[in-house]
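Some notes on the structure that comes next.
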Amino acid sequence: MEIATFAGGCFWCTEAVFLDIKGVDKVVSGYIGGSTKNPTYAAICTGTTGHAEAIQITFNPAEVAYEDLLEIFFATHDPTTLNRQGADVGTQYRSEVFYHSLEQKEKAENYISLIEKEKLYDKKVVTKVSSATVFYPAEDYHQNYYNQNSSQGYCQMVIAPKLEKLRKYYKSKLK
């Protein structure tokens, strides 16, 4: 098993996307990239901790390639908006890949170069690629959030469309 860590705005959204991918064993919502030890959701929301809302994925590389995870990550959030995703604004909602090996770093940088070269987005990709630091799991009520709250307005308006896109374009990668 390997670990991938992505920050793509609200962790409820990114978690919901990756839970359905073949080869993904576990997805944990949490915080990474800042200086505050043992941050809370309330502290993260202030934007002063330096942490991003992120997910940590445990996956089997024999079943799903890291490159596939990168492709899905970039396809299901906007990597061209600095410190925001939709209505969520602040450094805690930044787009960032946290690598766990030099191989992951290289693959992430190469993927960003490829999508820039192919001009998949009208604007420049602002996703940072950084070495993974301590990952702090979020509070229990944030884990598996969409599946436990799918009828909530935010889930219907923001997360459900991402899942529809995933099911439409990545059907072969789903469990």
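Before moving on, here are some points about what is shown:
- Residue ID - surrounded by the most Cβ atoms within 10 Å (Cβ to Cβ), chosen from residues in the stretch 2-51 that are over 22 Å from V129 (Cβ atoms) and among the acidic types (D, E): D20
- Index of the failed condition, T36 passing every other in (1) under 21 Å from Y145 (Cα atoms); (2) without any contact (Cβ under 8 Å) to a residue 60 or more places away in the chain; (3) out of contact with any strand residue (DSSP E or B) (no Cβ under 6 Å at 6 or more places or on another chain): (1)
- Residues that are buried (at least 18 other Cβ atoms within 10 Å of the Cβ), closer than 23 Å to V64 by Cβ and hydrophobic (A, V, I, L, M, F, W, C) within the stretch 143-175 comprise I159, L163, L166, listed in sequence order.
- All positions within the stretch 121-138 that are in contact (Cβ under 8 Å) with a residue 40 or more places away in the chain, surrounded by 13 or more Cβ atoms within 10 Å (Cβ to Cβ) and under 17 Å from S95 (Cα atoms): Y121, V125, V126, T127, S130, A132, T133, F135
- Helices (runs of 4 or more DSSP H) lying entirely in the stretch 27-120 (those with 1 or more residues that are of a type in the set (D, E, K, R)): 66-75, 102-117
- Pairs linking a residue in the stretch 88-101 that is closer than 14 Å to G8 by Cβ to a residue that is of a type in the set (F, W, Y), with Cβ atoms under 7 Å and 6 or more positions apart or on different chains, are V97/F6.
- Neighbours by Cβ (under 8 Å, 6+ apart or cross-chain): first from the stretch 52-64, on the phi < 0 side of the Ramachandran plot; second outside any strand (DSSP E or B) and acidic (D, E): I55/E15
Where a number appears in this text, it was derived from the coordinates with a stated rule and is not lab data. All values reported here derive from a predicted model rather than from experimental measurement. Methodologically, a virtual Cβ is constructed for each residue, glycine included, from the backbone with ideal geometry; neighbour enumeration extends over all protein chains shown.
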